[in-house]
Amino acid sequence: MLLLIIVAIIILFILSLNVPFMILLLISSIFVLVISQYHKSRKIHQELQEIRRHLGLMNSKEQENFDLEHEISRLDKLDEAELEKINEQIEKELEKTNITKHNKT
């Protein structure tokens, strides 16, 4: 796949010598290649972090950061009904906290 993209970029570069429009295609194909590689490396990094966590090789700060990132990505994938349910639970907990604070004063 990567080889095919590189060959396409080389062909577009050769064609861009004659046609200015091909320069735009060349730039856009390079941009797509860079973004694709970024997403692949990001996925590999996340998988390595999960392995490190599973094996217990993370220190406490790394563990905390990993847990926060994992929770954020999980919440990003939820639909609106689930988010509404979670928000209601949070509001109930906050109300309980406020009630206990008022009772203490």
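Please treat every number below as a calculation from the coordinates, not as lab data. Note that the coordinates shown come from a computational prediction; the quantities given were computed from them, not determined experimentally. Neighbour counts are summed over all protein chains in view; Cβ atoms, including those assigned to glycine, are modelled from backbone coordinates with ideal geometry.
Pairs of alpha-carbon atoms within less than 8 angstrom and 6+ residues apart define the contacts here; what relative contact order does the chain have, in percent?
Relative CO of the chain lands at 12 percent.
Please list, by residue number, every one of the trypsin sites (Lys or Arg not before Pro) in the range 33-81 that is coil in DSSP and has at most 13 other beta-carbon atoms within 10 Å.
Listed in order of number, the matching sites are 77.
Given +1 on the Cβ of Lys and Arg, -1 on the Cβ of Asp and Glu, and no further charges, what dipole in debye does the chain carry about its Cα centre, rounded to the nearest 20?
The calculation lands at about 380 debye.
On C-alpha positions alone, give me the angle between the axis of helix 2-16 and the longest principal axis of the chain, in degrees, nearest 10.
Approximately 50 degrees, to the nearest ten.
Taking Rg/Rh (Cα atoms, Kirkwood Rh) straight from the coordinates, which label in [x] 0.94; [y] 1.25; [z] 1.30 is the correct one?
Given [x] 0.94; [y] 1.25; [z] 1.30, the calculated one carries the label [z].
From the phi angles alone, apply the Karplus equation (6.51, -1.76, 1.60; θ = phi - 60°) to the range 82-95 and give each ³J(HN,Hα) in whole Hz, x where the residue is Gly or Pro.
So the J values, rounded to whole Hz, are 5, 5, 5, 4, 5, 4, 5, 5, 5, 4, 4, 5, 5, 4.
Checking the cross-link filter: which aspartates and glutamates have an alpha carbon closer than 19 Å to that of residue 85, excluding same-chain neighbours under 8 positions apart?
Filter leaves 71, 76, 93, 95.
Along the positive direction of the dipole of the chain (beta-carbon charges: Lys, Arg +1; Asp, Glu -1; about the Cα centre), which of 97, 39, 7 reaches farthest?
Of the listed residues, the answer is 7.
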